[in-house]
Amino acid sequence: MISLTDIHKSFGDNHVLKGVSIVVPEGGVTALIGASGSGKSTLLRCANLLEIPQSGEVRIDDAVIEFTPGGKVGRKDLLPLRRKTGMVFQNFQLFPHLTALENVMEGLLVVLNWPQEQARQRALELLDKVGMTAKADAWPSSLSGGQQQRVAIARALAPAPKVLLCDEPTSALDPQLAGEVVEVLSQLAREGTTMLMATHDLRLAAKIATNVVFLQDGEVVEAGPVRQVFGAPKDERTKRFITTLT
Ligand code: ADP
Ligand code: MG
């Protein structure tokens, strides 16, 4: 069970998330759609606690944290939850001083204290999964954007997270390179990887999502199975958003 409940997040007096509640079904792909500035990235960052909400509950499996205004949550409290997530960023954010293989191994070695050889085996398996075995020893700067993103996906999957969080995973890529990343994400979706993915690419959402959440101005306007939200949206605002983008 993965859920965010009644999440409020402000930056100064900018109230960005205004009581957002979402459920991310296990084994499915939930697409988070909405205009730029609607709060998609902030919500993803609250899901892995890169941002700390002022109030609300974040639950992944048996790890739950309830945030209250003025309540104190220490770094130690965040770790069990954070470790159940993997994050893929728009701009890949690979470690530039590590090879592709080392990028995938890094979290296993440093965060989880895996032995070197075991981490290497796991990393090689994941590079194979994303079709990057041949580039295991390459530096990020020598890889195309699509290749870097595939390595970043392997890195995010390395600790076997309960949920893969993807923030606009294809929007920094031209269509051809985006295509190879979409292929990897589709394969993961078919395998039943639980994903929460912010995207303004409605075609990507339609292709791999099982569920859609439409966010506007920090509020959930509509959420449901992809066929319902895209095929028969209930809210006028959803209808308008979908037609302006297709
Ligand atoms: P989206 O991903 O849907 O485009 P974001 O979550 O990035 O939206 O941003 C939502 C709002 O939150 C914007 O007004 C943005 O300026 C603000 N915001 C996001 N992150 C920060 C931050 N670290 N500091 C201040 N304001 C932020
Ligand atoms: Mg964003």
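Values quoted throughout were computed directly from the atomic coordinates according to the rules given, and no laboratory measurement underlies them. Keep in mind it's a predicted model, so treat the numbers as computed, not measured. Cβ placement follows ideal geometry from the backbone for every residue including glycine, while neighbour counts extend to all protein chains displayed.
Looking at (1) of a type in the set (Ser, Thr, Tyr); (2) within 16 Å of ligand 1 (Cβ to nearest atom); (3) in contact with a Gly (Cβ under 8 Å, 6 or more places away or on another chain), can you tell me which one Thr5 breaks?
Unmet condition: (2).
Could you figure out which of (1) surrounded by fewer than 20 Cβ atoms within 10 Å (Cβ to Cβ); (2) farther than 30 Å from Asp128 by Cβ isn't true of Gln93?
For Gln93, the exception is condition (2).
Check whether at least one residue in the stretch 187-196 is farther than 25 Å from Val16 by Cα, buried (at least 19 other Cβ atoms within 10 Å of the Cβ) and aliphatic (A, V, I, L, M), and report yes or no.
yes
If you go through the stretch 1-38 one residue at a time, how many are crowded, with 19+ Cβ neighbours inside 10 Å and either touching a Lys or Arg at 6+ places or on another chain (Cβ under 8 Å) or part of a strand (DSSP E or B) (or both)?
15
For the stretch 79-94, check the following and say yes or no: at least one residue is of a type in the set (S, T, N, Q), touching a Lys or Arg at 6+ places or on another chain (Cβ under 8 Å) and touching a residue at least 60 places away in the same chain (Cβ under 8 Å).
Just the residues of the stretch 79-94 that are of a type in the set (S, T, N, Q), to begin with: 85, 90-91, 93.
Within this subset, residues satisfying the condition of being touching a Lys or Arg at 6+ places or on another chain (Cβ under 8 Å) are 85.
Applying the additional criterion that residues be touching a residue at least 60 places away in the same chain (Cβ under 8 Å) yields 85.
Among the residues of the stretch 79-94, at least one is of a type in the set (S, T, N, Q), touching a Lys or Arg at 6+ places or on another chain (Cβ under 8 Å) and touching a residue at least 60 places away in the same chain (Cβ under 8 Å), which makes the answer yes.
Residues in the stretch 8-55 that are small (Gly, Ala, Ser), more than 24 Å from Val229 (Cβ to Cβ) and within 8 Å of ligand 1 (Cβ to nearest atom): how many? Give the steps one after another, and end with the answer.
First, the residues of the stretch 8-55 that are small (Gly, Ala, Ser): 10, 12, 19, 21, 27-28, 31, 34-39, 41, 47, 55.
After this cut, where a residue has to be more than 24 Å from Val229 (Cβ to Cβ) as well, the list is 10, 12, 55.
With within 8 Å of ligand 1 (Cβ to nearest atom) added as a condition, the list becomes 12.
Number of matching residues: 1.
Name the residues in the stretch 153-172 that are more than 16 Å from ligand 2 (Cβ to nearest atom) and either over 21 Å from Thr133 (Cα atoms) or among the aliphatic types (A, V, I, L, M) (or both), would you?
Quick first cut of the stretch 153-172, residues more than 16 Å from ligand 2 (Cβ to nearest atom) only: 153-164.
Those that are more than 16 Å from ligand 2 (Cβ to nearest atom) and either over 21 Å from Thr133 (Cα atoms) or among the aliphatic types (A, V, I, L, M) (or both): Ile153, Ala154, Ala156, Leu157, Ala158, Ala160, Pro161, Lys162, Val163, Leu164.
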